[in-house]
Amino acid sequence: MSGFVLKIIACITMLLDHTQAIFDIPKMDFLRAIGRMAFPIYVFFVAEGCRHTKNIWKYLFRLALFALISEIVFDMAFSYVRMPPRVPLKAIDFTWGTNVFYTLFFGAAANCVYEKFLRKKNAAIVFLPFILTVTTYFLFFTVSSDFLRLLLIIGYLRLCVGGFLALAKFLPDKPDNEQDNSVMLAILPAFAMILAAGVLDSDYGTYGALFIFLTYVIGKGKKIPSAITVGACFLFLYGNNILLSYTSIMFWFYILIVLLAVGCLVLYNGKRGPKLKWAFYAFY
């Protein structure tokens with residue numbers, strides 16, 4: 001099964017999911033369960049994209065660009081900001097209740113900084129922006145003022161983009177004969193990037209970005225470990241949530257859908273298929 005076929009499956013299941021989410025068709029809630037098949041496929045291919053892209057910076061730029069473009073129609077489609085209590089959407093909001101491209105971007109960014117900081121000189125400098133981001137993160141969840149929350153979101157993003165990504169791009173690399181930095185040091189900026197998805201309340205949020213990172217690190221470019229990692233992450237997250245919100249029949253239907261997604265990923269033959277990259281971006 002080629003990458004093209006898997007992406008077509010993701011598009012179809014995502015379309016069914018979003019149709020039910022927006023129009024709330026009576027007695028068609030099972031479409032939301034079918035839609036759970038899409039994101040594991042996206043997670044898998046973002047991890048693959050980070051491994052195989054010729055230019056990780058261009059890849060991140062595309063994800064960021066489409067995150068901003070998609071947010072306009074995403075907010076218009078769902079008509080509310082997903083911050084309790086739900087209130088009518090008065091303006092397009094790029095900083096809260098954001099679309100899944102934000103999640104994909106920060107998951108890919110976590111992979112990028114993790115890989116880069118393993119090979120950077122003077123990588124210990126990452127402790128400073130990390131301490132600032134963690135402090136900002138906890139402040140964000142303690143303030144009640146919308147204005148202060150916005151300032152903290154902007155500050156957090158500046159630290160991620162102007163701190164970790166800038167350091168990852170411009171710090172000099174170690175010579176090939178020098179040992180890599182510790183994995184723990186490289187995980188710090190990746191962890192901050194993962195938290196950013198939660199700060200922006202993107203689709204799947206912190207968990208989604210974490211799944212992308214785990215698939216990248218644990219899978220190590222191997223198809224079956226990557227597929228199993230994706231499936232295990234989703235079963236852990238939604239297995240608990242579904243029990244609270246669906247009947248037992250829907251729960252087992254959900255489990256079947258996730259296992260089906262994992263099965264499709266295991267059947268991936270490593271081939272791209274027709275090159276329609278921009279068509280898939282445009283479809284979303």
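The values are calculated or read from the model by the stated rules, or taken from the named source; none is laboratory data. Please read these numbers as outputs of a predicted model, since none were measured by experiment. Virtual Cβ from ideal backbone geometry, glycine too; neighbours counted across all protein chains shown. What goes into the accessible areas is simple: the full protein's heavy atoms, side chains included, and nothing from ligands, DNA or RNA. Shrake-Rupley method; radii C 1.70, N 1.55, O 1.52, S 1.80 Å.
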Problem - Alpha-carbon spread of the range 148-201, three principal axes, descending order, Å - result: 47, 20, 12
Practice task
At a 1.4 Å probe radius, which order do Lys277, Lys220, Lys120, Lys27 fall into by accessible area, largest first?
Solution key: Lys27, Lys220, Lys277, Lys120
Handout entry: Mean projected area (nm²) of the alpha-carbon convex hull when the chain is viewed from all directions
Key = 15.4
Problem - Of Lys54/Lys271; Lys223/Lys271; Lys58/Lys277; Lys220/Lys277; Lys7/Lys277; Lys7/Lys275, those spanning more than 21 Å from alpha-carbon to alpha-carbon - result: Lys220/Lys277
Practice task
Round to the nearest 10 and report in Å² the accessible area of Asp173, as given by a 1.4 Å probe over the protein chains' heavy atoms.
Solution key: 90
Practice task
Report, in debye and to the nearest 20, how large the dipole of the chain comes out about its Cα centre when Lys and Arg carry +1 and Asp and Glu carry -1 on their Cβ.
Solution key: 780
Completion exercise
Total charge of the residues flanking Ala166 in space, meaning their Cβ is under 14 Å from its Cβ, with Lys and Arg +1 and Asp and Glu -1, is +4
Exercise for the section: Rank Thr206, Ile255, Ile12 by how far each Cα sits towards the positive end of the charge dipole of the chain (+1 on Lys, Arg Cβ; -1 on Asp, Glu Cβ) and give me just the farthest. Expected result: Ile12
Handout entry: Share of Cα-Cα pairs in the range 4-155 lying beyond 19 Å, as whole percent
Key = 67
Fill in the blank from the handout: Using alpha carbon centers only, the range 129-162 is separated from the range 247-284 by a whole-angstrom value of 34
Practice task
Take the alpha carbon gyration tensor of the range 92-211, find the square roots of its eigenvalues, order them as a ≥ b ≥ c, and report rounded if a/c is under 1.5; if not, report prolate when a/b exceeds b/c, else oblate.
Solution key: prolate
